Each structure stands twice: as structure tokens, then as C-alpha cells.
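Everything below concerns the one structure shown next.
The values are calculated or read from the model by the stated rules, or taken from the named source; none is laboratory data. All values derive from a computational prediction rather than experimental measurement. Here the Cβ is made from the backbone with ideal geometry for all residues, glycine too, and neighbour counts use every protein chain on show.
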Amino acid sequence: MRPHRQSRINDFTMTPEQIIAALCNDFSGVAAKPSWGETALFYNPGALLANGVYFVTLKEKDGPYDKTSHLDRALVFRLAIGLTPPTYTELFGPRPARPPKGGVVATGHDFSQLNTLMPHPVYGWMGWAQILNPSRAQFTHILPLIKEAYNLAASKFNKRVGHR
């Protein structure tokens with residue numbers, strides 16, 4: 001994560017640190033793992049798996065194959081959420097085709113738009129959504145999607161470790 005920020009794009013935007021703290025506090029069995037300008041939140045109670053099953057990521061910089069959200073803008077970050085297939089379809093319609101390496105999904109979205117839930121530009125084909133710089137109100141609005149992603153991760157975790 002970047003050093004502490006003194007100012008945000010606006011006073012209503014949450015910081016990555018606030019989101020991570022809220023999710024780690026509100027959901028049990030969650031571990032945050034920072035790597036390469038991204039922090040992934042994994043469901044991994046008891047650290048039974050090497051990483052666990054991730055359900056949310058927060059990314060603060062462009063990657064070599066992921067530049068369309070323009071995360072290198074000052075103070076811009078992406079909150080990505082792994083949606084269930086029915087929820088993705090309900091929100092955005094059918095999943096798009098997998099893009100070629102270095103490409104983005106063809107959904108017609110402006111992936112650099114702030115505070116708007118939309119398909120993830122690279123992983124939309126896998127059912128992931130993104131929102132750049134969510135406001136507190138928008139974060140509250142998408143919290144049920146995060147809870148659903150958390151429950152999906154818990155289910156996958158339990159299958160991997162043999163719990164039913």
C-alpha cells in the first residue's frame with residue numbers, strides 16, 4: 001500500500017486502508033496479503049491454506065497488461081470483487097469473452113470512471129467487477145456484493161480443506 005495519504009480526490013472517497021480495515025474487521029477468517037501494488041483479501045481461517053481463497057483485491061497501480069483503468073493517476077485505486085455468476089449476469093448481462101493478453105473485455109465501459117461499479121477490464125470474463133475510488137455511500141451500496149463474494153470464497157475454501 002502507498003504511504004498514508006493527507007488528501008483524497010474528495011472527502012467522501014474511502015481509502016484502500018479504510019476498506020481493508022473494515023473488511024478484515026467485519027468478516028472473520030480474512031487475511032490481507034500485499035504484493036506488487038495490490039492487496040488481496042483471502043478467506044483463510046486458521047491459515048489452513050498457503051493463501052486461502054481471495055474474494056476482493058485493491059490495486060493502486062497499473063500493471064504491464066492492465067492499464068485501462070489508469071490507476072497511475074494520483075490517489076486512484078481499484079476495488080475488485082469476485083461475483084457469483086448469477087449476480088454478474090443480473091448486474092451486467094452475460095460474461096464477455098476472455099480478452100487477448102494485454103487486452104480488455106469488450107463491454108463498452110469507460111474503465112477509468114470513478115465511483116461506478118462495472119465489469120473488471122481484464123477479469124470481467126471470470127465474473128469480477130470493479131469500482132474505482134468508491135465513496136462511502138457506494139461502498140455501503142456494494143457491501144452485499146462483497147458479502148456474497150466472501151461467502152463464495154468460504155464455500156470454495158471449505159471444499160478445498162474438506163469441510164462440508
**Request:** Could you list all residues from the stretch 123-162 that are among the hydroxyl-bearing types (Ser, Thr, Tyr) and surrounded by fewer than 22 Cβ atoms within 10 Å (Cβ to Cβ)?
**Result:** Tyr123, Ser135, Thr140, Ser155
**Prompt:** Hey, any hits in the stretch 39-57 for a residue that's at pLDDT below 95 and more than 30 Å from Gly162 (Cα to Cα)?
**Reply:** no
**Message:** Based on this model, can you work out whether Thr107 counts as in a loop (DSSP other than H, G, I, E, B) and touching a Gly at 6+ places or on another chain (Cβ under 7 Å)?
**Reply:** yes
**Request:** Assess whether Gly63 counts as being in contact (Cβ under 8 Å) with a residue 12 or more places away in the chain, touching a strand residue (DSSP E or B) at 6+ places or on another chain (Cβ under 6 Å) and closer than 18 Å to Pro16 by Cβ.
**Result:** no
**Asked** For the stretch 25-60, what are the residues that are touching a residue at least 40 places away in the same chain (Cβ under 8 Å) and of a type in the set (Val, Ile, Thr)?
**Response** Val30, Val53, Val56
**Message:** So for the stretch 67-85 (the condition being at pLDDT below 95, among the small types (Gly, Ala, Ser) and more than 19 Å from Pro16 (Cβ to Cβ)), does at least one residue qualify?
**Reply:** no
**Asked** Looking only at the stretch 18-53, which residues are among the aromatic types (Phe, Trp, Tyr), in a loop (DSSP other than H, G, I, E, B) and surrounded by 12 or more Cβ atoms within 10 Å (Cβ to Cβ)?
**Response** Phe27
**Message:** Suppose we keep only residues that are more than 14 Å from Phe111 (Cα to Cα) and more than 17 Å from the chain's Cα centre (by Cα) within the stretch 66-88. Which one would you say is surrounded by the most Cβ atoms within 10 Å (Cβ to Cβ)?
**Reply:** Pro86
